[in-house]
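Derivation of every value follows stated rules applied to the coordinates shown; laboratory data play no part. Computed from a predicted structure; not experimentally measured. Cβ coordinates were reconstructed from backbone atoms using ideal geometry, including for glycine residues, and neighbour counts include every protein chain displayed.
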Amino acid sequence: MRLLASTGLRFGELAGLRWSALDLERGVLQVRQQFTHGAWSELKTENARRTIPLPGGVRDQLQVRYDALDNGSLVLQPRQDGRRARLHLPGGRWPDRL
């Protein structure tokens with residue numbers, strides 16, 4: 001959730017975010033594709049292709065996550081039981097304060 005809020009990524013862009021799109025040393029991520037409706041797809045417009053700076057705290061959290069991985073190219077890995085990962089929000093909706 002913090003990555004979404006601090007970067008403005010869309011859900012499909014986050015779902016399709018690969019470690020190869022992150023430069024943790026420089027503290028940036030490159031948005032180049034998305035995963036939506038169960039399939040990989042190109043972004044809709046050229047303006048959607050962009051490089052986004054990562055806040056220091058987010059970069060540090062991503063570095064810890066990357067260091068702990070055994071394998072996998074996606075930042076958000078599928079669940080171990082094979083079911084699709086979902087973003088669960090309290091009460092099933094966005095908090096009023098956002």
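Along the charge dipole of the stretch 2-69, pointing to its positive end and built from +1/-1 on Cβ of Lys, Arg, Asp and Glu, which listed residue (Q34, A15, T45) has its Cα farthest out?
T45
Given Cα positions, please report Rg to Rh for the stretch 2-69, the hydrodynamic radius being the Kirkwood one. Could the numbers behind the result be given before it?
Details: Rg = 11.9 Å, Rh = 12.4 Å.
Rg divided by Rh gives 0.96.
Quick one: if you stick a label point 7 Å off each Cα along the C-beta vector at E46 and Y66, how many nm between them?
2.9 nm
Using a 10 Å cut-off on Cβ atoms, rank the peptides 2-10, 16-24, 39-47 from the highest mean neighbour count down.
In decreasing order of mean packing, 2-10, 16-24, 39-47 become 16-24, 2-10, 39-47.
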